[in-house]
Amino acid sequence: MVQQRDLFSGEILPSMEARKRNGHARSNGRTRNDETLEELTEQITSLSQQVAAMQLRMERMESLVIELSDLVKARKTIKESYTTKEVADILGKKPYTVREWCRLQRVEAFKPMCGRGCEEEWRITHEELLRIQNEGLLPEPEHF
């Protein structure tokens, strides 16, 4: 009987009878290792499909979170009147520009009375803000 050695380790490989006893003998040309390998391949394929589906769900969730955060940012509390800085933030302009609109009477704004005199800050009503967003600025008056 010829003994076979493993090429890498140099160990003596088990004989055909020993492999039959251990369940490694070929049946219909397939070994138990081949069957296990096929099962593992199927499991890996199934897991990779599940991972791909989960990645799609994660991408969708991320886009929904971004949309929700944009909605939360866009939704502000409605106030009776806004400062020039608040209006500038809402309209995407600089506060200086909004103050100039107020000074040139391009928007209807007022300086509320407080204490001994006028407050330093212009105020713009919510209705005027909506009008600016929908219709734009008022035309420049002919005389100041």
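Read-outs: derived from the displayed coordinates by stated rules, not from any lab. Computed from a predicted model, the values in this text were never measured in an experiment. Neighbour counts are summed over all protein chains in view; Cβ atoms, including those assigned to glycine, are modelled from backbone coordinates with ideal geometry.
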Packing rank of 122-134, 56-68, where each peptide gets the mean count of other beta carbons within 10 Å, highest leading: 122-134, 56-68
Spin-label pair R32/T77, simplified geometry with 7 Å Cα→Cβ offset, distance in nm: 7.2
Rounded if a/c under 1.5, otherwise prolate or oblate - region 76-144, Cα gyration tensor axes: oblate
Whichever aspartates and glutamates have a C-alpha closer than 18 Å to that of K94, once near sequence neighbours (fewer than 8 apart) are set aside: E86, E108, E120, E121, E128
Computed E for T97/D70 - FRET, C-beta separation, R0 22 angstrom, nearest 0.05: 0.35
